[in-house]
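Q: Encoded as structure tokens, here's the structure I'll be asking about.
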């Protein structure tokens with residue numbers, strides 16, 4: 001390695017490397033950057049769920065360097081499809097943002113697998129439903145004034161953390177559905193979009209309590225968490241532990257008790273399970 005200490009040799013090596021970079025690598029890089037390709041670009045605002053027409057997009061020639069692999073390159077492959085997300089003028093159309101069929105109305109109901117059920121509760125005034133600000137994916141607590149006619153306002157332990165899966169206006173349309181441009185400006189239309197019911201994802205035990213509260217006519221929903229699904233699942237996991245403690249599964253062999261009963265016998269000590277909220281993100 002003595003030759004590396006020779007300044008003449010080092011200088012020659014540096015010159016060779018410089019020439020290699022200038023006359024070999026740089027042209028290749030410039031060629032890749034300057035290579036042109038045709039992509040489909042949005043020229044008119046497209047709302048989620050809207051069908052794409054010819055006047056909404058155009059094909060343009062752009063540099064091909066660092067383009068997403070899923071960018072659409074032919075207008076014919078875009079026109080007639082449905083947007084899965086809002087697209088603004090200037091956006092490149094990606095295949096992940098397109099659907100061959102319009103979004104199914106009330107798609108969240110199709111996700112039910114039998115372990116839980118959907119149940120709606122009435123929102124009779126703005127205050128009961130967080131002033132119309134609730135949205136699908138929110139985690140809420142159900143507050144019951146004069147619970148079981150005992151004169152106290154409580155959050156039933158079964159309803160400490162419940163997931164909102166839909167918010168519906170009196171028109172029957174979900175309020176978080178994308179509004180068309182024709183219904184944005186009219187104040188009457190805005191009033192119609194105020195929530196009339198909130199649909200919650202619940203177990204059968206939770207659903208029974210919600211039905212009772214609905215019949216008694218007074219329910220308040222308080223927002224506990226809105227954010228990532230992983231964090232929301234932590235709240236729901238805490239609720240599942242509470243339900244397991246409140247409604248322990250019984251076996252037919254234990255003391256002759258029939259299995260399948262969801263009620264907690266009077267005088268039974270429910271195992272202590274903390275209903276404390278999961279630690280906030282970032283901690």
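The values are calculated or read from the model by the stated rules, or taken from the named source; none is laboratory data. Bear in mind that the values here come from a model prediction, so they are computed numbers and not experimental data. Glycine gets a Cβ as well: all are built from the backbone with ideal geometry, and neighbour counts include every protein chain shown.
Q: Give the residue that is modelled with the highest pLDDT, with candidates limited to residues of the range 66-79 that are surrounded by fewer than 12 Cβ atoms within 10 Å (Cβ to Cβ) and part of a loop (DSSP other than H, G, I, E, B). First the steps, then the outcome.
A: Quick first cut of the range 66-79, residues surrounded by fewer than 12 Cβ atoms within 10 Å (Cβ to Cβ) only: 66, 68-69, 74, 76.
Add one more test, that the residue is part of a loop (DSSP other than H, G, I, E, B), and what stays is 66, 68-69, 74.
On the way: 66: 75, 68: 85, 69: 85, 74: 92.
So the residue we want is 74.
Residue by residue, here is whether (1) in contact with a helix residue (DSSP H, G or I) (Cβ under 9 Å, 6 or more places away or on another chain); (2) within 24 Å of residue 174 (Cβ to Cβ); (3) part of a loop (DSSP other than H, G, I, E, B) holds:
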site: 199; (1), (2), (3): yes, yes, no
site: 205; (1), (2), (3): yes, no, no
site: 223; (1), (2), (3): yes, yes, no
site: 234; (1), (2), (3): no, no, no
site: 237; (1), (2), (3): no, no, no
site: 240; (1), (2), (3): no, no, no
site: 245; (1), (2), (3): yes, no, no
site: 249; (1), (2), (3): no, no, yes
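Q: Another one. Regarding residue 110, is this residue part of a loop (DSSP other than H, G, I, E, B), closer than 30 Å to residue 200 by Cα and under 25 Å from the mean Cα position of the chain (by Cα)? Steps first, answer last, please.
A: Working: part of a loop (DSSP other than H, G, I, E, B): no; closer than 30 Å to residue 200 by Cα: yes; under 25 Å from the mean Cα position of the chain (by Cα): yes.
Answer is no for this residue.
Residues are listed down the side, and each one gets a yes or a no for (1) out of contact with any strand residue (DSSP E or B) (no Cβ under 9 Å at 6 or more places or on another chain); (2) buried (at least 16 other Cβ atoms within 10 Å of the Cβ); (3) outside the structural domain of residue 206 (by TED's automatic domain parsing):
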| position | (1), (2), (3) |
| --- | --- |
| 114 | yes, no, no |
| 117 | no, no, no |
| 121 | no, yes, no |
| 126 | no, no, no |
| 145 | no, no, no |
| 153 | no, no, no |
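Q: Restricting to the range 37-51, give me the number of residues that are assigned to a loop (DSSP other than H, G, I, E, B) and either within 13 Å of residue 74 (Cβ to Cβ) or more than 25 Å from the chain's Cα centre (by Cα) (or both).
A: 2
Yes/no matrix, rows are residues, columns are (1) modelled with pLDDT of 90 or more; (2) assigned to a loop (DSSP other than H, G, I, E, B); (3) under 18 Å from the mean Cα position of the chain (by Cα); (4) under 20 Å from residue 205 (Cα atoms):
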residue	(1), (2), (3), (4)
85	no, yes, yes, no
103	no, yes, yes, no
115	yes, yes, no, yes
142	yes, no, no, yes
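Q: Can I ask one more? If we scan the range 53-60, do we find a residue that is part of a loop (DSSP other than H, G, I, E, B) and at pLDDT 85 or above?
A: Yes, some residue in the range 53-60 is part of a loop (DSSP other than H, G, I, E, B) and at pLDDT 85 or above.
Q: Which condition breaks for residue 164 when tested against (1) closer than 30 Å to residue 69 by Cα; (2) within 16 Å of the chain's Cα centre (by Cα); (3) at pLDDT 90 or above?
A: (1)
Q: With respect to residue 90, is the statement that it is in contact with a strand residue (DSSP E or B) (Cβ under 8 Å, 6 or more places away or on another chain), at positive phi and modelled with pLDDT under 90 true?
A: In short, no.
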